[in-house]
1. Hey, what number do you get for the chain at 222 nm if only DSSP H runs of n ≥ 4 count, each worth -39500 (n - 2.57), divided across all residues, to the nearest 500?
2. In the set [x] 15.3, 51; [y] 18.0, 57; [z] 15.9, 45, which value of Rg and Dmax of the Cα atoms in Å was calculated from the structure you see?
3. For residue 111 and residue 146 in one chain, what is 0.36 nm times their gap in residues minus the Cα-Cα distance, to one decimal in nm?
4. Taking a spot 7 Å from the Cα of residue 84 along the direction of its beta carbon, which residues of segment 123-160 have an amide N less than 14 Å from it?
5. Can you give me the accessible area per residue for the chain, using a 1.4 Å probe, in Å²?
6. Keeping every protein chain in place, order 135, 19 by accessible area at 1.4 Å, biggest value first, i.e. largest first.
7. If I model a spin label at residue 64 and residue 76 as a point 7 Å from the Cα along the Cα→Cβ vector, what separation in nanometres do I get?
8. Probe radius 1.4 Å, ligands and nucleic acids ignored: give me the carbon and sulfur share of the accessible area of segment 1-141 as a rounded percent.
Amino acid sequence: MTDRPADTSQPLSALAAEDQGLCRAAFAATANAHAPYSRFSVGAALVTASGTVFQGANLENASYGLSICAEAAALVAANNASDRAVTAIAVTGHSAGSRRDPAAIVTPCGRCRQMIAEFAALSDTDIRVLCCAGDLSRVLATSIDALLPHAFGRSSLTAG
């Protein structure tokens, strides 16, 4: 097992105003979460090249496998608006109880990383990913290429 990279998160106030707003929009989206099983509300907000912000919240299902992540919900909203040139996405989450440290950074799951990478390929950009603590005290600013290096994508399906 490899060591985790050093914590390079920073206070929300250290980010550009636009990124702070995106993190706050992700936090606001947690209010729309339906998380009766995990009791962990997740919100995501993304911005496209047009400047439009799309939000999403997790939607759990008793079968678990049919649950929808907040990042997926935001990406689907952008897709449904035919506004797929995502430039940045912020994600945050918090527990309804005290089971998780509210200052812990929330990162996209593997499935969502793959979806974000697919959107990055659509617009040939490395989407910025803002991984926020549940209380917005700290943010890890990274990119989809850093979170999912060597991503499987369209080029992986074509013969070289």
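The values are calculated or read from the model by the stated rules, or taken from the named source; none is laboratory data. Keep in mind that this is a model prediction, so the values were computed, not measured. Counting neighbours? That spans all protein chains shown, and the Cβs are built from the backbone with ideal geometry, glycine included. The area values use the complete protein model at the heavy-atom level, side chains included, leaving out ligands, DNA and RNA. Shrake-Rupley method; radii C 1.70, N 1.55, O 1.52, S 1.80 Å.
1. About -8000 deg cm²/dmol.
2. Recomputing Rg and Dmax of the Cα atoms in Å here picks out [x].
3. 11.1 nm
4. 123-125, 154-155
5. 54 Å²
6. On the way: 135 75, 19 25 Å².
These residues rank, largest area first, as 135, 19.
7. For the pair residue 64/residue 76, the computed spacing is 2.0 nm.
8. 54 percent
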